[in-house]
Amino acid sequence: MLQRPRYRHSVTELAPQEIRTFFITTVTANRRRVFQTDANAQLLLNLFKDDRAKARYQLHAFVLMPDHLHLLLTPAPAVSIEKALQFIKGGFSFSLKSRMPVWEKSFTMRRIADSHDFASHRDYIHANPVRARLCLCPEDFPFSSARDEFAADPAPAHLRA
């Protein structure tokens, strides 16, 4: 009789922390403009603050566009990237208490390779509202780590120029 292999996932099976910084994009369900409302955007910003205080992930850069968000994120050593996104998407959905779906089920991610890749993606994130003509310069957009009031986490040591 053939035995099926057993798969166990444990903290020790996560990739080394040095290769766990990601550029992530996730979209709202049906591209609804959830973050066009200041109160909704503030709800997600508060969630970021709480999750970071709980050391669930480091948030190096972000922008909340009306119907999607971009993140530059490093999960905590014991947290998978999927779990980190569950904290964000699930936590926001729970706080919002919407009767309608809030997020598309998937997200896209790309692992950050080096300091140049990190800087390029951070700049892309910050320039996103300018490209969308929502503001004239990244620092003017109210829901972005480009603003001084949002203390983003520094780049991981291995991704510093």
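Summary table
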{"read-out": "Tally of residues being closer than 19 Å to Ile125 by Cα and surrounded by 20 or more Cβ atoms within 10 Å (Cβ to Cβ) across region 40-51", "value": "2"}
{"read-out": "Contacts under 8 angstrom Cβ, first residue in region 114-134 being under 19 Å from Met65 (Cα atoms), partner assigned to a helix (DSSP H, G or I) and not acidic (Asp, Glu), 6 or more apart", "value": "His126/Pro138; Ala127/Pro138; Pro129/Pro138; Val130/Pro138"}
{"read-out": "Residues of region 67-101 classified as polar (S, T, N, Q), without any contact (Cβ under 8 Å) to a residue 12 or more places away in the chain and part of a helix (DSSP H, G or I), total", "value": "2"}
{"read-out": "Hits in region 26-39 (condition: crowded, with 16+ Cβ neighbours inside 10 Å and closer than 21 Å to His126 by Cβ)", "value": "Thr26, Val27, Thr28, Val34, Phe35"}
{"read-out": "Residues of region 75-84 classified as surrounded by fewer than 21 Cβ atoms within 10 Å (Cβ to Cβ) and within 12 Å of the chain's Cα centre (by Cα), total", "value": "3"}
{"read-out": "Ser115 being closer than 14 Å to Thr28 by Cα and small (Gly, Ala, Ser)", "value": "no"}
{"read-out": "Residue tally, condition surrounded by fewer than 18 Cβ atoms within 10 Å (Cβ to Cβ) and either outside any helix (DSSP H, G or I) or among the aromatic types (Phe, Trp, Tyr) (or both), over region 110-122", "value": "4"}
{"read-out": "Selection count where residues are of a type in the set (A, V, I, L, M, F, W, C) and either closer than 20 Å to Glu18 by Cβ or without any contact (Cβ under 8 Å) to a residue 12 or more places away in the chain (or both), scope region 135-161", "value": "9"}
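One line per residue, one yes/no per condition, for (1) surrounded by fewer than 17 Cβ atoms within 10 Å (Cβ to Cβ); (2) charged (D, E, K, R); (3) at pLDDT below 95; (4) within 12 Å of the chain's Cα centre (by Cα):
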site	(1), (2), (3), (4)
Leu73	no, no, no, yes
Gln86	yes, no, no, yes
Tyr124	yes, no, no, no
Pro129	no, no, no, no
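The values are calculated or read from the model by the stated rules, or taken from the named source; none is laboratory data. As the structure is a computational prediction, the values presented were derived from the model and not from experiment. Please note: Cβ atoms are built from the backbone with ideal geometry, for glycine as well, and neighbour counts cover all protein chains shown.
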